[in-house]
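The values are calculated or read from the model by the stated rules, or taken from the named source; none is laboratory data. The structure displayed is predicted, hence computed values, not measured ones. Please note: Cβ atoms are built from the backbone with ideal geometry, for glycine as well, and neighbour counts cover all protein chains shown. With ligands, DNA and RNA removed, areas are computed over all heavy atoms of the protein, side chains included. Shrake-Rupley method; radii C 1.70, N 1.55, O 1.52, S 1.80 Å.
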Amino acid sequence: MTLDDIDRKRRTITVRLKGARDEHRVPVTDDFWPLLDRHLGTERRASCEVNALWIAARKGYGKPLCYATFESSLRYIARKVGVTVHPHLFRHTLAQGVLDITGNIKVAQEILGHAHLSTTADLYMRVDQHAMVSALAAVKTGTGRSAAQRTWPSRKAAQYAFDYDDRTIAELERTIEQASGLKSTGEES
């Protein structure tokens, strides 16, 4: 990414993509600009001839930061703190967050720069088993409810595949406890 890829007037950055589409303009939130200005003013140390936005701070100091160096540094830091992280994880996290918050796969597709909606859907859309059961039950009974009328199950109910009421859950758990007690004492029915 170069300094020329930042368009303050349009409030976008240009990202280079792999594949057939060479570049993609991505909108940037308001909180990005102060962070960018701080990076440019205090952290980006390079000569005026270097147009790269991200500059290597260690190996290859002052030269444009390449993806391999960034990836290697990120993995090194992750190992030190005991987590598994790779650069593409940021992209996946953003995409999943956009889908979780907006539910709009088209928005996620545009942000990610996917040429085909099916690519985004295949990678990021998840089947919510509870939602499927609820949808089937609503169709069966003809009692579809609007979002305002929907009641969410208790946290305990989320453990189960079906939308049990609290009384049924208590009975299920009592039965499980009894069965576990019988097995631990060696008795079987």
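Under a Cβ-Cβ cut-off of 13 Å, what is the net charge of the residues other than L35 that fall near it, where Lys and Arg count +1 and Asp and Glu count -1? Walk me through the numbers before you get to the answer.
On the way: positive: R38, R44; negative: D30, D31, D37, E43.
Local charge sum for L35: -2.
Which of the chymotrypsin sites (Phe, Trp or Tyr not before Pro) across segment 5-73 are loop residues per DSSP, with 15 or fewer other Cβ within 10 Å?
Working: sites: F32, W54, Y61, Y67, F70; in loops: W54, Y61.
Hits after loop and neighbour filter: Y61.
Can you pull a Stokes-Einstein diffusion coefficient for segment 1-139 at 10 °C (1.306 mPa s), Rh from Kirkwood over Cα pairs, as a whole number of µm²/s? Roughly 89 µm²/s, to the nearest whole number.
At the residue level, K63 shows approximately 130 square angstrom of accessible surface with a 1.4 angstrom probe and all protein chains present. D for segment 1-64, whole µm²/s, Stokes-Einstein with Kirkwood Rh over alpha-carbon pairs at 20 °C and 1.002 mPa s: what number? My calculation gives 166 µm²/s for D.
Per-residue SASA remark: T93, around 90 Å² accessible (1.4 Å probe; ligands, DNA and RNA not included).
A 1.4 Å probe, protein heavy atoms only, puts the accessible area of L40 near 60 Å².
Rank R45, R11 by accessible area, highest first, at a 1.4 Å probe radius?
Working: R45 145, R11 100 Å².
If we order R45, R11 from most to least accessible, we get R45, R11.
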